[in-house]
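Read the structure below first, then the notes.
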Amino acid sequence: MSLKRHNSFCRIEFGEGLLSRVGEISREALPDACRAAVISDTNVFPLYGDTLCASLKNSGFKVTAFSFLAGEGSKTLATAEKIIKLLAEEGFSRSDAVFALGGGVVGDTAGFAASVYMRGMGLVQLPTTLMAAVDSSIGGKTGVDLDCGKNLVGSFYRPDAVICDTDIIKALPDGIFTDGMAEVIKYGAICDAELLSELEKNAPSRPSAKVIERCIELKLAAIISDEKDRGERRKLNFGHTLGHASELLSGYMLSHGSSVAAGEVAESRLAEALGICEKGFSERLSKLLKSYGLPTELPFPIAETVGAALHDKKNSGGKIGFSLPDGKGGWSFSLLEPGQVIELLSRE
Ligand code: GLY
């Protein structure tokens, strides 16, 4: 199965057994690249690193591999600097490529390093989590966190290819798979009412490859119309304003998916209170998220969470930016006063 025929953004390959074909596919996507920097983490490299490196070597790439400690705590300027220095010390040129093998942290950090090294080199995203497959590996957002806010340093940088081996996604342990369901449900909530109903009908089973492919198509449609996140793409941030705030307050100890899940419910409650969507939608989402074992209550007090959201990238003029659902598969963007958000979310 391949999505590339639907897509003018970048080459996307999605299907079974693709890890061992990465070298061959990348040869076509990056005809001038001689060297490959495989960037991964301490969880993923031991599982899939050897297969990837062998595939790249068989296709004529000279391979250098580097793994950093798994976890959001590694999504820092310091890790990006280590990758950039490695590329420089090893003599990588701008026509060579970084291969980001992992979930969102690896993809964002390695993608950022690739985007700034020599003002941009080749980049292939190889998502190994559901969250990365349906969201972070596609769309060219790269970046790292600061102590005062998530993803505050970064770039928009199109990968040359995204190659997702669905055998890896199928083999994911429940916890990591579940984390990605917050993003899958996001697409149903904000872009596609039919998808939301289908997810509700089949919960709590794992979504089919067709559903995952649908999420990728929805993401592509948003980024093709608005690559730089100034209009349509902002809908993909549903649940993320309060979700990112919770991640920040937890010192990046809470997972992205669990933070976004609770953020989606709280932001749906905001939409209901503002009359943007009908009452009951937050309850509907909450039931679906809960069926996958995802949390649906904000983990920190509302005032603290709203305080942390003051660092969000979507904010403007002291107001906090929210992408809110209309409950019918659509959305709108609202800038709200912090006090108003606290008041609306404090209502019983
Ligand atoms: N994850 C939101 C976006 O890519 O715009």
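Among THR305, THR42, THR109, which one moves the most in a GNM of the chain with springs linking Cα atoms closer than 10 Å?
Judging by the Gaussian network model, the answer is THR42.
So how tilted is helix 77-89 from the main axis of the chain? Cα-based, degrees 0 to 90, rounded to 10.
Between helix and principal axis, roughly 10 degrees.
Can you list the aspartates and glutamates whose alpha carbon is less than 20 Å from that of LYS328, not counting same-chain residues fewer than 8 positions off?
Those aspartates and glutamates meeting the cut-off are GLU183, ASP192, GLU194, GLU198, GLU200, GLU217, GLU232, GLU264, GLU267, GLU272, GLU278, GLU283.
Classify the stretch 225-301: rounded, prolate or oblate, from the alpha-carbon gyration tensor (a ≥ b ≥ c, eigenvalue square roots; a/c under 1.5 rounded; otherwise prolate if a/b is larger than b/c)?
On the way: a/c = 1.72, a/b = 1.06, b/c = 1.63.
Oblate shape, in that a/c is at least 1.5 and b/c is the bigger or equal ratio.
I'd like the FRET efficiency for ALA171 and LYS62, computed as 1/(1 + (r/R0)^6) with the beta carbon distance as r and R0 of 25 Å, rounded to 0.05.
0.30
Please compute the length gained on full extension between PHE156 and LYS290, using 0.36 nm multiplied by the number of residues separating them and subtracting their Cα-Cα distance. Write down the numbers at each step before the final one.
Values: separation 134, 0.36 × 134 = 48.24 nm, distance 3.32 nm.
Fully extending the segment from PHE156 to LYS290 adds 44.9 nm.
Which residues in the stretch 138-169 have a backbone N closer than 19 Å to a point placed 7 Å from the Cα of ALA209 along the Cα-to-Cβ line?
162-169
If you average the C-alpha positions of the stretch 155-206 and of the stretch 72-95 separately, how far apart do those two centres end up, in angstrom?
29
Let me check against my output: what whole-number percent is the relative contact order of the chain, with C-alpha pairs under 8 Å and at least 6 apart?
15
Could you check the simple spin-label distance between GLU343 and ASP326, using points 7 Å along Cα→Cβ, in nm with one decimal?
2.6
Where is the GNM fluctuation largest for the chain (alpha-carbon springs, 10 angstrom cutoff): ALA303, ALA182, ALA100?
ALA303
Which of the residue pairs LYS210/LYS235; LYS82/LYS210; LYS57/LYS141; LYS219/LYS314; LYS82/LYS319 have a Cα-Cα distance greater than 30 Å in the structure shown? Display every interim value, and only then the final one.
On the way: LYS210/LYS235 22 Å; LYS82/LYS210 38 Å; LYS57/LYS141 28 Å; LYS219/LYS314 18 Å; LYS82/LYS319 36 Å.
Check vs 30 Å cut-off fails for LYS82/LYS210; LYS82/LYS319.
Hey, what do the phi angles of the stretch 170-180 turn into as Karplus ³J(HN,Hα) couplings, whole Hz, using 6.51/-1.76/1.60 and θ = phi - 60°, x for Gly and Pro?
4, 7, 5, x, 3, x, 6, 4, 4, 3, x
Roughly how many nanometres apart are two label points built 7 Å out from the Cα toward the Cβ at LYS201 and SER93?
That separation, rounded to one decimal, is 5.4 nm.
Please say if the chain is rounded, prolate or oblate, where rounded means a/c under 1.5 for a ≥ b ≥ c the square roots of the C-alpha gyration tensor eigenvalues, and otherwise the choice is prolate for a/b larger than b/c and oblate otherwise?
Verdict is prolate for the chain.
Once you list every other residue whose beta carbon is under 9 Å from the beta carbon of SER136, what net charge do they have if Lys and Arg are +1 and Asp and Glu are -1?
-2
What order, most packed first, do the peptides 117-127, 313-323 have when packing is the mean number of other Cβ atoms within 10 Å of each residue?
117-127, 313-323
Taking springs between alpha-carbon atoms closer than 10 angstrom, which of GLY15, GLY239, GLY104 fluctuates most in the Gaussian network model of the chain?
Evaluated over the chain, the most mobile residue of the options is GLY15.
I'd like the carbon and sulfur percentage of the solvent accessible area for the stretch 1-131, probe radius 1.4 Å, heavy atoms only, ligands and nucleic acids excluded.
52
What is the magnitude of the charge dipole of the stretch 20-93 about its Cα centre, with +1 placed on the Cβ of each Lys and Arg, -1 on the Cβ of each Asp and Glu, and no other charges, expressed in debye to the nearest 20?
Using only the charged Cβ atoms, the result is roughly 100 debye.
Relative to the longest principal Cα axis of the chain, at what angle does helix 240-249 sit, 0 to 90 degrees, rounded to 10?
80
Hey, what angle do you get for helix 104-116 against the long axis of the chain, alpha-carbon based, 0 to 90 degrees rounded to 10?
Result, in degrees: 60.
How far, in nm, would the chain grow between LEU274 and GLU304 when pulled straight, counting 0.36 nm per residue and subtracting the alpha carbon separation?
Stretched out fully, the LEU274 to GLU304 stretch lengthens by 8.7 nm.
Tally Lys/Arg at +1 and Asp/Glu at -1 over every other residue whose Cβ is under 13 Å from the Cβ of LYS82; what's the total? Before the final figure, lay out the partial values.
On the way: positive: LYS75, LYS85; negative: ASP41, GLU81, GLU89, GLU90.
Once all neighbours under 13 Å are counted, the net charge is -2.
In whole Hz, with x marking every Gly and Pro, tabulate ³J(HN,Hα) for the stretch 270-283 from phi via Karplus 6.51 cos²θ - 1.76 cosθ + 1.60, θ = phi - 60°.
With the stated coefficients, the stretch 270-283 comes to 4, 4, 5, 5, 8, x, 7, 9, 5, 4, x, 5, 5, 5 Hz.
With n ≥ 4 as the cut-off for DSSP H runs, can you work out [θ] at 222 nm for the chain, using -39500 (n - 2.57) per run divided by the number of residues, rounded to the nearest 500?
On the way: 13 runs with 148 residues, N = 348.
After summing the helix terms and dividing by residue count, I get -13000 deg cm²/dmol.
Taking every DSSP beta bridge that has both residues in the stretch 60-187, what percent is antiparallel when rounded to the nearest 5?
Once the DSSP bridges in the stretch 60-187 are tallied, antiparallel ones form about 40 percent.
Counting only heavy atoms of the protein chains, get the accessible area per residue of the chain (1.4 Å probe) and round it to a whole Å² value.
Accessible area per residue, the chain: 40 Å².
Quick check on the stretch 206-342: take the gyration tensor over C-alpha atoms, sort the square-rooted eigenvalues as a ≥ b ≥ c, and tell me if it's rounded (a/c under 1.5), prolate or oblate.
Values: a/c = 1.38, a/b = 1.18, b/c = 1.17.
It comes out rounded by the Cα gyration axes.
The values are calculated or read from the model by the stated rules, or taken from the named source; none is laboratory data. In this text, all values refer to a predicted model and were calculated from it rather than measured experimentally. Quick reminder, even Gly has a Cβ in these numbers, built from the backbone with ideal geometry, and neighbours come from all protein chains shown. SASA here: full protein model, heavy atoms, side chains in, ligands and nucleic acids out. Shrake-Rupley method; radii C 1.70, N 1.55, O 1.52, S 1.80 Å.
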